[in-house]
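Read-outs: derived from the displayed coordinates by stated rules, not from any lab. Predicted, not measured: the structure shown is a model, and the values here were computed from it. So basically every Cβ, Gly included, is an ideal-geometry build from the backbone, and we count neighbours across all protein chains shown.
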Amino acid sequence: MNIFGSPQRYYQGPGLLDEIGELTRILGDRAVLISDVHVLGLLQDRVRASLATRSAELAAFGFEGELTAENVASLSQQAGGALPDFVIAAGGGKGVDAGKAVAHRLGLPFVTAPTAASTDSPTSKNYVLYDDNHRMAGVFHIDRNPDSVIVDTNILAQAPGHLLLFGIGDAIAKHFEARQCARAGGRNMFGHQPTQSALALAERCYQTLRNDAEAAIAAAGTGIPTPAFERVVEATVLMAGLGFENGGLSVAHALTRGLPQLSGLGSAPHGFLISYGLMVQLKLEATSSNEHADLFEWLAKIGLPRHLTDLTQDMPSGAEWAQAAQAILDAPHMANFERVVSQEELIAAMMNSAPDLEGALL
Ligand SMILES: [Zn+2]
């Protein structure tokens with residue numbers, strides 16, 4: 001069986017936050033806005049005003065620090081007291097995931113409203129919780145995707161360029177991971193095999209980033225969403241999200257289960273781990289040295305990590321390598337690879353993620 005899942009609606013364009021009242025009409029008259037406290041301060045008056053145009057009410061709840069299970073429990077208790085019909089999950093990766101976690105706990109429909117294109121979480125049904133030291137505590141799955149994704153590109157174009165770079169680092173791997181998942185007869189986030197549509201979206205995501213990422217990064221922080229910026233936002237939020245949920249993940253994302261254990265990597269941005277992780281994946285693939293060399297050069301041009309030394313100056317000991325490699329090999333995404341990888345091979349690819357130029361065109 002093949003499965004394809006997605007949000008009910010995806011809206012993207014300048015100024016959309018002021019339309020959030022109309023865009024959520026079908027969901028009811030009582031909303032809660034969940035985000036980190038900083039984003040909450042920036043957004044809540046506009047969201048409340050927009051909801052008021054259709055006589056809907058808003059209660060807003062924020063959190064500080066890491067998105068921990070304790071923060072989710074406390075937010076859920078406060079939000080539940082407001083007897084909401086739906087949740088608006090807003091902010092960067094953490095704020096959106098907080099709202100998703102609250103919606104999951106309260107069993108409510110939710111919409112997402114990202115303020116940066118730093119992850120594809122706004123489109124997906126999963127969210128990540130951490131402990132107080134930013135160690136991943138678990139990935140959780142909601143039984144539905146967001147009802148709507150509302151992407152106001154005026155807000156996203158104000159976000160600093162490094163946040164967009166995180167999103168690009170995460171999104172660039174999706175095509176290669178979905179391709180491996182399909183090759184290996186692996187499973188996507190719905191537990192079944194990828195559709196052709198998923199592979200096509202992941203590939204288009206990749207091509208869009210190759211064509212437009214540089215121009216989009218130049219526009220980031222200016223407050224003006226250019227056409228290239230709009231296309232890259234769609235690639236990092238929508239295509240990457242649909243691409244990974246429906247296409248499946250592979251080695252690049254499996255690395256996030258072990259890399260944070262290495263010294264200096266505990267708080268590295270997800271998108272940076274993935275761009276390095278993709279180089280490790282391509283090193284392990286049997287037939288891709290030209291492709292690997294081409295992408296390796298491109299990542300340097302736009303400022304994404306390719307080597308472990310781009311992420312940390314601390315060189316792991318033999319025991320640290322072995323422990324991290326085992327956590328990676330135990331990750332379920334490793335099953336979505338064309339062959340079984342040994343611990344030695346994985347460590348060798350992590351130590352030297354540069355393309356093997358023998359036989360390559362470059
Ligand atoms: Zn990711």
Work out the count of Lys pairs in the chain where the Cα-Cα distance is under 20 Å, with the pair 8 or more places apart or on different chains.
6
If you take every DSSP beta bridge whose two residues both sit in the chain, what share of them, in percent to the nearest 5, is antiparallel?
15 percent
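What is the projected area of the convex hull of the Cα atoms of the range 161-351, averaged over all directions, in nm²? Write down the numbers at each step before the final one.
Working: hull surface 40.4 nm².
That works out to 10.1 nm², a quarter of the Cα hull's surface.
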Counting only Cα, what are the radius of gyration and maximum Cα-Cα distance Dmax of the chain, in Å?
20.0, 66
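With a 10 Å radius around each residue's Cβ, average the other Cβ atoms per peptide and rank 213-224, 307-318, highest first. Present the calculation step by step, with values, prior to reporting the outcome.
Values: 213-224: 17.8, 307-318: 14.7.
Per-residue Cβ counts within 10 Å, averaged per peptide and sorted highest first, yield 213-224, 307-318.
If I take every Cα pair under 8 Å that is 6 or more residues apart in the range 23-162, average their sequence separation and divide by the length, what percent do I get for the relative contact order? Show your work: numbers first, answer last.
Numbers: 277 pairs, mean separation 31.8, N = 140.
Value for the range 23-162: 23 percent.
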Relative to the first principal axis of the alpha-carbon coordinates of the chain, what is the inclination of helix 196-219, with its axis defined by its Cα atoms, in degrees from 0 to 90 and to the nearest 10?
80 degrees
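Counting other beta carbons within 10 Å of each residue's own, what order do Trp298, Trp321 fall into, fewest first? Can you show the working numbers first?
Values: Trp298 16, Trp321 19.
Fewest-to-most Cβ neighbours within 10 Å comes out as Trp298, Trp321.
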Sort Lys301, Lys94, Lys100 so that the residue with the fewest other Cβ atoms within 10 Å of its own Cβ comes first and the one with the most comes last.
Lys301, Lys94, Lys100
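How big is the Kirkwood radius of the range 9-158, worked out from every pair of different alpha carbons and given in Å to one decimal? If you can, show how the numbers build up before the last one.
Working: mean 1/r = 0.0676 Å⁻¹.
One over the average 1/r among Cα pairs gives 14.8 Å for the range 9-158.
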Please compute the contact order of the range 161-351 in relative form: average sequence separation of alpha-carbon pairs under 8 Å and at least six residues apart, divided by the residue count, as a percent.
29 percent
Roughly how tilted is helix 37-52, in degrees to the nearest 10 and between 0 and 90, from the longest Cα axis of the chain?
50 degrees
Cα long-axis angle, helix 270-284 against the chain (0 to 90 degrees, to the nearest 10):
30 degrees
Which whole-number percentage describes the relative contact order of the chain, with Cα contacts under 8 Å and a sequence gap of 6 or more?
17 percent
What is the extension gain from Glu64 to Met315, computed as 0.36 nm multiplied by their sequence separation minus the C-alpha to C-alpha distance, in nm to one decimal?
87.1 nm
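Assuming R0 = 25 Å, can you tell me the calculated FRET efficiency for the pair His162 and Val37, based on Cβ-Cβ distance, to the nearest 0.05? Please list the in-between numbers first.
Details: r = 21 Å, r/R0 = 0.85.
The value I calculate is 0.75.
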